[in-house]
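Here's the structure we're looking at; comments come further down.
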Amino acid sequence: MSTQPTEDEIYEKARKRVDEKKGFYAHLCVYLSINLLVVVIWLVTSLGAYPWFIFPVGGWGVVVLLHALFVFVFHKDALWEKTALEREAEKIRKKRQADNS
C-alpha cells in the first residue's frame, strides 16, 4: 500500500537534499582553498624538489570524489531505502497487532 507524500514530507526531503548539496560544495571549497595553500607552500619552500603536495591533494581528492558520488549519484532516495523502511514499518505494525490481541 503506497501513499502519496504530503507537501510537508516533500519539502522536508527537498530540504535534506539541498543540505547535502550545500555540504558537498562547502567541502569542495575547503578542499580547493587548503590544497591551493599547500601547493603555494611547496612552491615557496621547495620549488624543484619532490612534489610532496600530490599526496595530500590526491588523498583528499579521493574523499571529495566519494562525497560527490554519495551526494549526486548514490543519494539516499534509493529504492532499497524505501523498501527497507516499508519492511520495518510492516514489522512494527504486525508486532503492535500481536501485542493488542
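All of the numbers you see were taken from the coordinates with simple rules; none came from a lab. Note that the coordinates shown come from a computational prediction; the quantities given were computed from them, not determined experimentally.
The long axis of helix 7-46 is offset from the longest Cα principal axis of the chain by roughly 20 degrees.
Here the extension length gained between Leu37 and Tyr11 equals 5.5 nm, from 0.36 nm per residue of separation less the Cα-Cα distance. For the chain, the tally of Lys pairs with Cα-Cα distances below 18 Å comes to 9, considering only residues 8 or more apart or on different chains.
Counting only Cα atoms, the chain measures 78, 27, 20 Å along its principal axes, largest extent leading.
Taking the Cα atoms only, what angle lies between the long axis of helix 54-68 and the longest principal axis of the chain, rounded to 10 degrees? Once rounded, the angle reads 20 degrees. Relative to the longest principal axis of the chain, what angle (0 to 90°, nearest 10) does the C-alpha long axis of helix 79-100 take? That helix lies at roughly 40 degrees to the long axis.
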